[in-house]
Amino acid sequence: MDEKDHNEVVEYHHHFQTWKDCLISRIEKPWCLLDPFWKWHPKFGAHNNAVAQMNSYAIRRLEDYKLKKQNPSELNPSVGSEDDVRVRCTLDDLVDAGVSDVEIVHEINTLIFGGHETSATTIHFFFFMMALHPEFQEICRKEIDQVFEDSLHSQHEDTLTFEALTNLKYVERCLLETMRLYPSGFAFMRYLKKSLNIDYKGKNVKVPAGTDIIIIPWVIHRSTQYYQNPELFDPDRFLPEQSAKRNSYSYLPFSAGPRNCIGQKFGMNEMKTVATYVLRNFEIGTTDKVEDVTLLPNITLTPERDYNFMFKRR
């Protein structure tokens, strides 16, 4: 990434945070969800500018894609090689489906801020959990060292392959346990197209079609019905034999069903990669305790301030 691209990414993140702050202001004052009232709010101009700037960035990415599509080798360097494998991307599917440019811009924005915010927040919480639990951090580090020493997975000393990522079983369990305690998507809503029967305290309750319901992973993940000592950080909860015992909907960091997160595999690999390179090079400590930092429901679960970390180079 050159300096220009880096600056654009930083600027996009700034506008995203502005947009999120404005959205929280609208939610805190429900009458502002009505456009005639919102346009008189002091943050109305900042909101519109942030949306315009994010859309501008997405439009530039779409234009870059269209230009490169005229030369397939730029989209996929393997085209024209002996393998000649065409790797499709989400934009290919959207364009081929006849989705309009306006709708594609909305999808690009959704993918960008839906991906970077959740992964960044989770890895922040992960490092905090590792700092609080140095015994688990050391197990992760030993597993990481073993992966890099295994010549089958690393042709170069500092290269981490997809094959290597699949062998980071303990790191993955620590990430899964982090997302149990601190799900970045702490709540989400669904609109019922059909009525739903649920068991509530032994009674059958019918929820009619047309109802907006809220599902709260934060509460589900801390239920003693599914997790013993739920406040305890325990990566072994996600051993295959332990996971098999639980209801598949008792763990929802990426939502579930047909509308679950389409990027969860990418997100997991992204977080495992960051975790791997940091833990391989540093020992992490902290001066904070869990109760020192308030968690805010700012669209995603967000610490009121960054945790204080101490990094000691190995």
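Taken over segment 115-141, the residue count meeting the criterion of being of a type in the set (Gly, Ala, Ser) and farther than 18 Å from residue 304 by Cβ is 2. For segment 222-235, name all the residues that are in contact with a Lys or Arg (Cβ under 6 Å, 6 or more places away or on another chain) and part of a loop (DSSP other than H, G, I, E, B). Once the filter is applied, which keeps residues that are in contact with a Lys or Arg (Cβ under 6 Å, 6 or more places away or on another chain) and part of a loop (DSSP other than H, G, I, E, B), segment 222-235 yields 226, 230. On the stretch given as segment 275-314, residues that are within 26 Å of residue 20 (Cβ to Cβ) and among the small types (Gly, Ala, Ser) total 1. Identify the residue in segment 88-116 that is more than 17 Å from residue 64 (Cα to Cα) and within 15 Å of the chain's Cα centre (by Cα) and, among all such residues, is surrounded by the most Cβ atoms within 10 Å (Cβ to Cβ). Here the answer is 113.
Select, from 302, 276, the only residue that is assigned to a strand (DSSP E or B) and touching a residue at least 60 places away in the same chain (Cβ under 8 Å). Let's see the steps before the verdict.
Values: 276 fails: assigned to a strand (DSSP E or B).
Step by step, each of 302, 276 is checked, and only 302 is assigned to a strand (DSSP E or B) and touching a residue at least 60 places away in the same chain (Cβ under 8 Å).
If only one of 250, 243 is in contact with a helix residue (DSSP H, G or I) (Cβ under 8 Å, 6 or more places away or on another chain) and under 30 Å from residue 27 (Cβ atoms), which one is it?
Every option except 250 fails the conditions.
A quick yes/no check of all residues on (1) without any contact (Cβ under 8 Å) to a residue 40 or more places away in the chain; (2) outside the structural domain of residue 277 (by TED's automatic domain parsing); (3) farther than 23 Å from residue 260 by Cα:
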position: 117; (1), (2), (3): no, no, no
position: 167; (1), (2), (3): yes, no, yes
position: 176; (1), (2), (3): no, no, no
position: 199; (1), (2), (3): yes, no, yes
position: 209; (1), (2), (3): yes, no, no
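Among the conditions (1) free of Cβ contacts under 8 Å to residues at least 12 places away in the same chain; (2) within 30 Å of residue 163 (Cα to Cα); (3) of a type outside the set (Asp, Glu); (4) not in a helix (DSSP H, G or I), the only one that residue 265 does not satisfy is (4).
The values are calculated or read from the model by the stated rules, or taken from the named source; none is laboratory data. Quick caveat: nothing in here was measured; it's all calculated off a predicted structure. No Cβ is skipped: glycine too gets one built from the backbone with ideal geometry, and neighbour counts run over all protein chains shown.
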